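Q: My questions will all concern the structure given below.
Each value in this text was obtained by applying a stated rule to the coordinates, not by laboratory testing. Note that this is a predicted model, so its numbers are computed, not measured. Cβ: placed from backbone, ideal geometry, glycine included. Neighbour counts: every protein chain shown.
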Amino acid sequence: MTTYANRAFDTPRPQEYPAIPEPVFRRNWRAQPALPGPNPLLSDWLTVTFIRNTPQFLSNMQKRYGDTCAFYLSRRLFIGVFSAEAVHQVTVAQQHNFVKGVGFARMRKVLGEGLLTNEEPIHLNHRRLMQPPFHHGNLDSYVAIMHRLVDQHISKWDGKSSINLAPEMMALTLEIVSQCLFGLDSSKYTAQIAHSMEIAIDRIERTMLPGLERFDKSALSYFVAFEEAANQLADIAEEIIQSRIASNTTHTDDLLGILLQMREHISMEHIRDEVLTLILSGHETTANVLTWAFSYMSNNPQAAAALAHEADQQLWIKEG
């Protein structure tokens, strides 16, 4: 049985990462460059509204103050960047001028040091290590797997007058990610992953403000549930890895096979964190997009017809 030195929830930020800059506090707001935004004296009220409904808060900031604005939360300065071009500059063109801050620190409690949350100098090496399963030839082979799983999934809808798409899309995308990247049937994990993810994502979003991390090891039920959810997801990832090792399979062209081949060079904790990252971030975002897309198409029959026509023309299955 494989043993792991730690859990993501308890792992400190790696020392190799660049230091997170000191925050700018509200008391120094007059010395900061002027950007549109609410009065800094409203910081405490803004903090409450941010915690209550983060997406609505950010949407309101953009509508009222534009694509780049400043606001104070927990009496610390935050810069909101909303335009596609500015986001590209931060995340791609000038990414080395920025570090992954508080929000990513909260994500690490669940995902560990996977590709989504790690930073240079670790990130580039990990990205190169994980590229082979995403080469064009492998992507072609995934089409047949996706087509088969979609057919199997929608066949279960026969005779139903209505369908709750959100959990259906979660189950479908989880199965696709699991079979394409890890070569396994994940159906027995679907309910537990969905339950633990709901808790984990809620806690990540609502506890990312500075200072709240001090309650992570408290007896408060809200934070206890956060750690339990993170550990349950880690249990699933470790069970997936152990099942693959125990199978003695020679199949090594999927992601898990490649990672396990590298065990002499990377830790089991790293392998677990990458499995966690791809299972959780790889299916949840896609499922949400699909759910909203179907919602949109249900109210726009012309768009639905155009998409169906394009699918008929473009989708193909590689046989033999």
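Q: Helix 54-65: angle to the longest alpha-carbon principal axis of the chain, degrees 0 to 90, nearest 10?
A: 60 degrees
Q: So if I place +1 on the C-beta of Lys and Arg and -1 on the C-beta of Asp and Glu, and nothing else carries charge, what would the dipole magnitude of the chain be about its Cα centre? I want it in debye, nearest 20.
A: It works out to roughly 1340 debye.
Q: Now a separate question. So which lysines pass the test for Lys217, namely a Cα distance under 29 Å, with those fewer than 8 places away in the same chain ruled out?
A: Qualifying lysines at Cα under 29 Å: Lys100, Lys109.
Q: At a Cα cut-off below 25 Å, give the lysines reachable from Lys156, other chains included and same-chain residues fewer than 8 away excluded.
A: Within the straight-line limit of under 25 Å, Lys156 reaches these lysines: Lys188, Lys318.
Q: Here's another thing I want to ask about it. Could you give the dipole magnitude of region 149-214 about its Cα centre, charging the beta-carbon of Lys and Arg +1 and that of Asp and Glu -1, in debye to the nearest 20?
A: It comes to approximately 180 debye.
Q: How far is helix 43-52 tilted, in degrees, relative to the longest principal axis of the Cα atoms in the chain, given as a value from 0 to 90 rounded to the nearest 10?
A: The angle comes out near 20 degrees.
Q: Which of Phe78, Ser59, Trp45 sits farthest toward the positive end of the charge dipole of region 22-98, with +1 on the Cβ of Lys and Arg and -1 on the Cβ of Asp and Glu?
A: Trp45
Q: Taking chymotrypsin sites (Phe, Trp or Tyr not before Pro) that fall in a DSSP loop and have at most 11 other Cβ atoms within 10 Å as cut points, what is the longest piece of the chain between them?
A: Here the longest run is 158-315.
Q: Longest segment of the chain with no trypsin sites (Lys or Arg not before Pro) in a DSSP loop having at most 11 other Cβ atoms within 10 Å?
A: 161-317
Q: Can you compute the helix-only [θ] at 222 nm over the chain? Use -39500 (n - 2.57) per DSSP H run of at least 4 residues, normalise by all residues, nearest 500 deg cm²/dmol.
A: -17500 deg cm²/dmol
Q: Between helix 136-155 and the chain, what is the angle of the helix's C-alpha long axis to the longest principal axis, kept within 0 to 90° and rounded to the nearest 10?
A: Helix 136-155 sits roughly 80 degrees off the main axis of the chain.
Q: What distance in nm separates the simple spin-label points at Thr54 and His135, each placed 7 Å from Cα in the Cβ direction?
A: 3.8 nm
Q: Calculate, in nm to one decimal, what Arg27 and Ser247 gain on full extension: separation in residues at 0.36 nm each, minus their alpha carbon distance.
A: Length gained, Arg27 through Ser247: 73.2 nm.
Q: Just need log10 I(q)/I(0) for the chain at q = 0.09, 0.10 Å⁻¹, Debye formula, equal scatterers on the alpha-carbon atoms, no solvent, rounded to two decimals.
A: Per q value, in the given order, log10 I(q)/I(0) is -0.58, -0.71.
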